Amino acid sequence: MNAIFITEHAAIARVNRKLHHQEMMLRTTRSARAYLELGRHYLVDWRTNFVVETHCDLESLARELGVLADWESIRQAGEGAAEGV
């Protein structure tokens, strides 16, 4: 079966809608230093602004929360641009 690709941005939006009820949100690092400390994605408690979990795997988290179906896969930014997808 062929995978249906969704963008990283769409996956983050789905995860954040699900996590909102748990008062958490998924964030993406923007600097190299933050990337070393937190990983590409990390979870934050938005009430206290405390980092709850670091080095989160977006696809695994999305599947765990039930927001990414078995036939869906996440396409990283810039992937598939040459193919016109």
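The values are calculated or read from the model by the stated rules, or taken from the named source; none is laboratory data. Keep in mind the model is a prediction, meaning the values are calculated, not measured. Reconstructed Cβ throughout: ideal geometry from the backbone, glycine too, with neighbour counts over all protein chains shown.
The set of residues in segment 18-55 that are under 20 Å from Glu8 (Cα atoms) and in a strand (DSSP E or B) comprises Met24, Met25, Leu26, Arg27, Thr28, His41, Tyr42, Leu43, Val44, Glu53. Residue count for segment 23-79 satisfying the condition of being closer than 19 Å to Thr7 by Cα and among the aromatic types (Phe, Trp, Tyr): 2. Would you say Thr29 is touching a residue at least 24 places away in the same chain (Cβ under 8 Å), polar (S, T, N, Q) and surrounded by fewer than 17 Cβ atoms within 10 Å (Cβ to Cβ)? Criteria not met by Thr29. Is it true that Asp70 is without any contact (Cβ under 8 Å) to a residue 12 or more places away in the chain and either surrounded by 11 or more Cβ atoms within 10 Å (Cβ to Cβ) or in contact with a helix residue (DSSP H, G or I) (Cβ under 9 Å, 6 or more places away or on another chain) (or both)? It is true that Asp70 is without any contact (Cβ under 8 Å) to a residue 12 or more places away in the chain and either surrounded by 11 or more Cβ atoms within 10 Å (Cβ to Cβ) or in contact with a helix residue (DSSP H, G or I) (Cβ under 9 Å, 6 or more places away or on another chain) (or both). For segment 35-46, the tally of residues that are modelled with pLDDT of 95 or more, farther than 16 Å from Ile74 by Cβ and surrounded by fewer than 18 Cβ atoms within 10 Å (Cβ to Cβ) stands at 4.
The residue of segment 2-19 that is surrounded by the most Cβ atoms within 10 Å (Cβ to Cβ), among those that are farther than 15 Å from Glu64 by Cα and more than 9 Å from the chain's Cα centre (by Cα), is Ile6.
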